[in-house]
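Read through the structure below, which is laid out as structure tokens, and then see the notes.
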Amino acid sequence: MPRGRKGNPTMRTIQAKDVTRAVAQMCIKANCTLQDDVVSCLERARHEEPWPVAQATLDTILENVRIAKTDNVPLCQDTGMACVFVELGKDVRIEGGNLRSAIDEGVRRGYTDGYLRKSMVADPLRRENTKDNTPALITFDVVSGDSLKIALAPKGAGSENMGMLKMLKPADGVEGVKDFVLEAVRHAGPNPCPPIVVGVGIGGNFDHVASLAKRALVRPLSQPNPDPFYAALEGELLDAINAFGTGPAGFGGKTTALAVHIEQMPTHIACLPVAVNINCHVARHEEVVL
Amino acid sequence: MSETRKLAGTIDEKTAQSLHAGDQVLFTGTVYVARDAAHKRLIDLLDAGEELPFPVENAIIYYAGPAPAKPGQVIGPCGPTSSYRMDPYAPRLLDLGVRAMIGKGARSQSVIDAIVRNHCVYFAAVGGAAAYIAKSIASAQVVAYEDLGTEAIRKLEVVDMPLTVAIDCTGGNVYTQGPAAYLASTAR
């Protein structure tokens, strides 16, 4: 402690090992038990699906959800990259290790103890598997307060590979954004395991817009954008995507997407960045507040 | 929706020719699991003039990389991976005698041409339904490249594995015909 400065008496201490334990549990739970918001959405889609082939495919998907939960096995063999969003309260101090290492250790234990697939390679070109699914892909944010919120979204590559990003002109406006989102989803076709969840980032800059699109996928499916303008745009895009006819698994049908989530942020007078990050029907997400 | 057809044993040229895009199939027999890294090695073997580590005549290749088996399980969850990543390798294997592929999603024109040319078939399994699909796997054995872990080549014996004919040997394609049929039904 530098001289003349006192430790903050309201500072809260969280043990690194508690972070590790929470992350490990979330890795297993997220991969084996689909969250209720996604299950409800799939059940509603099945109820509203008029096309027999699509009904049968949705029945298979829902049966898979039941088997995974009952047997406590992963829903999908691709148990994903561990995408982690951290909101660290400024009045929190981590003791017994640093936060990044604690999260990585949680991923290591969760993926090993939970019989989850290890899909990370240490280098994008030399491609040697790290054998424990680390490192996690962590986004840190510092917020007010004395709690630590960790959201985990294991993300499979089938849908991840279908992502797209474009720097539009401001003159392209909302129509340009809609065209680009629909182009990305149409281009993805059957590949990202529909019915999909579509995460859209609008604004910021080249790197922030991609992060927004990913963060949009962590939002519960029952929750529209709080801004009515963007909530309406989400609904409009969802209807347009479900008019494609792609259907579950791409075999045809009404249910191509379960939801469209948009996240927006301020941008430059010359910029209109837009990013599309697609999630499969195994739209896994968990979060914990310590 | 078509009736589900049961197929068992070898899928030969004649059987492949009897399948049509959109057909539902329950397959019982042998499939070889191979994905990205294994395909790269298979092509390297062929370039070196060597034999493949499994019999290629009428072989069925399943694009997948299973999750680890829990104690007492034959295999962990094992659904299909995206097939397009194997498109650079597939035509050469089909030309050599591979009869069928199991995966998910669209294929390139060069793969479709090779399917038609060789009277093959491309099946789709439901992506993401890996725990469900694993129930149809009766045995699993690594036959090559154990060092690749989940990407090793495995020989599976499957029983009533649920499949859809995605691309047939006339070039019929469920990914275009399925959505078109649905959209036509909504326009009526």
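The values are calculated or read from the model by the stated rules, or taken from the named source; none is laboratory data. The structure presented is a predicted model; accordingly, all values stated were derived computationally and were not measured. Every residue, glycine among them, receives a Cβ derived from its backbone with ideal geometry; neighbour counts consider all protein chains shown.
Do we have any residue at all in the stretch B:125-143 that's in contact with a Gly (Cβ under 9 Å, 6 or more places away or on another chain) and under 24 Å from B:Glu13 (Cα atoms)? Yes, the stretch B:125-143 contains at least one residue that is in contact with a Gly (Cβ under 9 Å, 6 or more places away or on another chain) and under 24 Å from B:Glu13 (Cα atoms). Considering only the stretch A:105-121, how many residues are surrounded by fewer than 20 Cβ atoms within 10 Å (Cβ to Cβ) and in contact (Cβ under 8 Å) with a residue 60 or more places away in the chain? Residues in the stretch A:105-121 being surrounded by fewer than 20 Cβ atoms within 10 Å (Cβ to Cβ) and in contact (Cβ under 8 Å) with a residue 60 or more places away in the chain: 2 in total. If you take the residues in the stretch A:122-141 that are part of a strand (DSSP E or B) and of a type in the set (A, V, I, L, M, F, W, C), which one is surrounded by the fewest Cβ atoms within 10 Å (Cβ to Cβ)? Filtering the stretch A:122-141 for residues that are part of a strand (DSSP E or B) and of a type in the set (A, V, I, L, M, F, W, C), the one surrounded by the fewest Cβ atoms within 10 Å (Cβ to Cβ) comes out as A:Phe140.
So that you can scan it fast, the table gives a plain yes or no per residue for (1) of a type in the set (Asp, Glu); (2) under 20 Å from A:Ala157 (Cβ atoms); (3) more than 19 Å from the chain's Cα centre (by Cα):
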residue	(1), (2), (3)
A:Gln77	no, yes, no
A:Gly80	no, yes, no
A:Cys83	no, yes, no
A:Lys90	no, no, yes
A:Arg93	no, no, yes
A:Gly96	no, no, yes
A:Gly114	no, yes, yes
A:Ala122	no, yes, yes
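The residues of the stretch A:144-158 that are charged (D, E, K, R) and either within 14 Å of chain B (Cβ to nearest Cβ) or closer than 15 Å to A:Gln35 by Cβ (or both) amount to a single one, A:Lys155. Do we find that A:Ser119 is in a helix (DSSP H, G or I) and within 13 Å of another protein chain (Cβ to nearest Cβ) in this structure? No, not satisfied. The residue that is nearest to B:Gln24 (Cα to Cα), among those in the stretch A:236-283 that are more than 8 Å from every other protein chain (Cβ to nearest Cβ) and touching a Cys at 6+ places or on another chain (Cβ under 8 Å), is A:Leu258. Residue pairs whose Cβ atoms lie under 9 Å apart, separated by 6 or more positions or on different chains, with the first residue in the stretch A:263-289 and assigned by TED's automatic domain parsing to the domain that holds A:Ala45 and more than 30 Å from A:Arg21 (Cβ to Cβ) and the second among the acidic types (Asp, Glu) and crowded, with 21+ Cβ neighbours inside 10 Å, do not occur. Quick check: anything in the stretch A:190-199 within 30 Å of B:Asp23 (Cβ to Cβ), in a loop (DSSP other than H, G, I, E, B) and either hydroxyl-bearing (Ser, Thr, Tyr) or modelled with pLDDT under 95 (or both)? Checked against the condition, which is being within 30 Å of B:Asp23 (Cβ to Cβ), in a loop (DSSP other than H, G, I, E, B) and either hydroxyl-bearing (Ser, Thr, Tyr) or modelled with pLDDT under 95 (or both), the stretch A:190-199 yields no hits at all. Among the residues of the stretch B:155-188, write down those that are away from every other protein chain (no Cβ under 12 Å), in contact with a strand residue (DSSP E or B) (Cβ under 9 Å, 6 or more places away or on another chain) and of a type outside the set (A, V, I, L, M, F, W, C). Correct list: B:Lys155, B:Glu157, B:Asp160, B:Asp168, B:Gly172. Scanning the stretch B:1-33 for residues that are touching a Cys at 6+ places or on another chain (Cβ under 6 Å) and either under 11 Å from B:Val165 (Cα atoms) or in a loop (DSSP other than H, G, I, E, B) (or both) turns up just one, B:Ala16. At pLDDT 95 or above and out of contact with any Leu (no Cβ under 8 Å at 6 or more places or on another chain): does that describe A:Ala210? Judged against the criteria, A:Ala210 is not a match.
Note on the stretch B:42-153: enclosed helices (runs of 4 or more DSSP H) holding 1 or more residues that are among the charged types (D, E, K, R) and surrounded by fewer than 24 Cβ atoms within 10 Å (Cβ to Cβ) are B:90-96, B:109-118.
In this structure, is A:Lys169 surrounded by fewer than 17 Cβ atoms within 10 Å (Cβ to Cβ), in contact with a Gly (Cβ under 8 Å, 6 or more places away or on another chain) and not β-branched (Val, Ile, Thr)? Answer is yes for this residue.
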